[in-house]
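The values are calculated or read from the model by the stated rules, or taken from the named source; none is laboratory data. Only a predicted model underlies this, so the values are computations on that prediction, with no experimental measurement involved. Counting neighbours? That spans all protein chains shown, and the Cβs are built from the backbone with ideal geometry, glycine included. We work out accessible area using only protein heavy atoms, side chains counted, and drop any ligands, DNA or RNA first. Shrake-Rupley method; radii C 1.70, N 1.55, O 1.52, S 1.80 Å.
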Amino acid sequence: MGIGKSKIDPCPLSLSWNKSPSVDTSPQHPEPKAKKSEEIPLHVKAKQSSSAKETTGEQKGAETREETSEEETEDEVFFKFVILHAESDINEALRVQDLLQDGFGIKPGIIFAEMPCGRQHLQNLDDAVNGSAWTILLLTENFLRDTWCKFQFYSSLMNSVNRHHKYNSVIPMRPLNNPLPRERTPFALRTINALEEGSRGFHIQVERIFQESVYKTQQSLWRETRNVTETKHTTHDWLL
């Protein structure tokens, strides 16, 4: 690291112990001026400058590594929830997303319309369900009119049954705007307690469902699955 400036005794002519002060009658000789603390040899300054540059370089390198690490993890986000919705309910899905993220601090979340474009719907659905801890089905009047939505909720339910860690991860939700009446809700979804945004106990329901411990458990299993898949792909490519 940088070399510090040497400290100069501000009182170099201090009296010795057990000696009384006396008048010096010897001829006076001009004393050499003390070196100022700022007058540092050039070779010391060069070392300080070099050390400072090294420190700055290390800091910049650390910042670059952090930025690179953040960029690498951006595409590997495990969401807390994904909202499956009818195509005509995008605005309502965005409102619910903001409600959960900003109102309850449940983030990050995503709606199905935000999934990457240019990919097959089935692949997007699989990534959305398996890449999040909870799957929210936005039950509106439009939900059952869309055949694709019916396929989404049946697939999500089957996924929660076949995968142990996904048990109780499918959450039907009736929003404030245009909710689907209970009597018209498919029987498979009636067996699951739905989030009722208009109910008094909505806040309590949200706190009970979206628990951080459950999210951490699913996130760990998701990472393990990804690591196994990447290892298999690497081995396959190496064999080829």
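Some points to look at:
- Across the stretch 90-240, Cα-Cα pairs farther apart than 24 Å form 36% of the total.
- The listed residues ILE209, ILE136, once ranked by accessible area (1.4 Å probe) with the largest placed first, stand as ILE209, ILE136.
- Per residue, the accessible area of the stretch 96-240 comes to 61 Å², computed with a 1.4 Å probe over protein heavy atoms only.
- Electrostatic tally near ASN142: other residues with Cβ closer than 15 Å to its Cβ, Lys and Arg +1, Asp and Glu -1, net 0.
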